[in-house]
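Below is one structure, written out as structure tokens; the observations come after it.
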Amino acid sequence: MRWLLLVFLLAGCVSVAPDASGEEIFASLCARCHGSDMQGEVGPSLGPGSNAAEQEDDFLATTITRGRGRMPSFGSTLDDEQIERLIAYLRQRQAEDGS
């Protein structure tokens, strides 16, 4: 349970450059829970064939902004454009090995 508290605390402490790429945002904020390869660790898989690959972009944006379940919110960390770049990066990676 301590690691979960640590994840929440770290999520609020990490910042990314305003012009960070989706890949940079993922590496800074998402990889520690979803894995650098997007195959999941603490958080679920986000890669090809995952539930996330089947979700609409709006669902992912809302999840990133508000959080969901154990996932913290990043609405105060990321602006709309950063979230769009992050989702575009997820979609790119999901298409690489999937279908």
* Quickly run through the range 1-49 and pick out the residues that are in a helix (DSSP H, G or I) and at pLDDT below 90. => ARG2, TRP3, LEU4, LEU5, LEU6, VAL7, PHE8, LEU9, LEU10, ALA11, GLY12, CYS13
* **Residues being assigned to a helix (DSSP H, G or I) and either hydroxyl-bearing (Ser, Thr, Tyr) or within 13 Å of the chain's Cα centre (by Cα) (or both) - total across the range 50-93** => 22
* Structure fact -> Listed by first then second residue, the pairs whose first member lies in the range 48-72 and is within 19 Å of ASP37 (Cβ to Cβ), whose partner is charged (D, E, K, R) and surrounded by 18 or more Cβ atoms within 10 Å (Cβ to Cβ), with beta carbons under 8 Å and at least 6 positions apart or on separate chains, are PRO48/ARG93
* Which one of the conditions (1) surrounded by 13 or more Cβ atoms within 10 Å (Cβ to Cβ); (2) modelled with pLDDT of 95 or more does GLU56 fail to meet, given that it meets all the rest? -> (1)
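The values are calculated or read from the model by the stated rules, or taken from the named source; none is laboratory data. All values reported here derive from a predicted model rather than from experimental measurement. Here the Cβ is made from the backbone with ideal geometry for all residues, glycine too, and neighbour counts use every protein chain on show.
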